[in-house]
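Everything below concerns the one structure shown next.
Computed from the coordinates by the stated procedures, all read-outs in this text should not be read as laboratory data. Remember, it's a predicted structure, so these values are computed and weren't measured experimentally. Because the Cβ atoms are built from the backbone with ideal geometry, glycine has one as well, and the counts that use them run over all protein chains shown.
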Amino acid sequence: MSEPLRVGITGGIGSGKSAVTERLTSRGIEVVDADIVAREVVATGSPALQKIAQHFGNDILLADGSLDRAALRRIVFSDPDQRLWLEGLTHPLIGESIARQLATAKSPYVVLSSPLLLEGSQRNFVEHIVVVDVAESVQLARTTARDNNSEELVRAIMAAQISRNSRLAAADTVIDNSGALTDLDQQVDALHEKLLNLSAAR
Ligand code: ADP
């Protein structure tokens, strides 16, 4: 049997990537979540976390030795140089882990879900790009309702991601998640059929 088709799913913060991938997981599709991988590489006691503490000081750690993500976010989303430093450390480690997981997937197609799929080299991991799209006002409203983040921080995160138009220009398939979750269900059904067909046709 040939290898599973590698599908990338991306979209801005709060666009509904998780809502889409949860629905694919329940259909038996393996999903590699770049956000989870990004947390794993800086897990408590990891070499990368030690380097982060050396660079930013031990104040970046919580009392239990884990990373204070809120503090780190505040630093890197207000200081581009620090963000570059952090990415230089973590992105290669994240890439290695993603490559390993994609290579061992067993489902008919495999999904890489990543907010940064189109920003760097992650797009090279995938053969088909799905963009989950909503207006920026919807992104902002859904993200602030979901997370305990300020509107200002969410706006800074959005500003650091590529624009909605660039994302749409890179899409092989677009999921419009501006409607209700029942609309999303129907689109995910169609997406799943399409990806099964694409994978089978290779
Ligand atoms: P992402 O993974 O892209 O950051 P999520 O899938 O977590 O986005 O969606 C952001 C928030 O919006 C979540 O709380 C989710 O439950 C909610 N959400 C997603 N899609 C819809 C929708 N179509 N209608 C209403 N709420 C939605």
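The helices (runs of 4 or more DSSP H) found entirely in segment 23-115 that carry 1 or more residues being away from the ligand (no atom under 16 Å from the Cβ) and of a type in the set (Phe, Trp, Tyr) are 47-56, 80-103. Between Arg167, Arg142, Arg155, the distinction of being within 19 Å of Pro80 (Cα to Cα), of a type in the set (Lys, Arg) and either away from the ligand (no atom under 12 Å from the Cβ) or touching a residue at least 24 places away in the same chain (Cβ under 8 Å) (or both) belongs to Arg155 only. Among the residues of segment 1-35, the ones that are among the β-branched types (Val, Ile, Thr), surrounded by 22 or more Cβ atoms within 10 Å (Cβ to Cβ) and touching a Pro at 6+ places or on another chain (Cβ under 8 Å) come to 1 in all. Would you call Gly8 assigned to a loop (DSSP other than H, G, I, E, B) and either over 21 Å from Ala160 (Cα atoms) or within 16 Å of the ligand (Cβ to nearest atom) (or both)? Answer is no for this residue. When residues in segment 36-52 are screened for being loosely packed, with under 15 Cβ neighbours inside 10 Å and at negative phi, 8 of them pass. Taking the criterion of being farther than 12 Å from Val41 by Cβ and either of a type in the set (S, T, N, Q) or touching a Ser or Thr at 6+ places or on another chain (Cβ under 9 Å) (or both), the residues of segment 69-99 that qualify are Ser78, Gln82. Within segment 118-132, restricting attention to residues that are within 17 Å of Pro4 (Cβ to Cβ) and in a loop (DSSP other than H, G, I, E, B), the residue that is nearest to the ligand (Cβ to nearest atom) is Val126.
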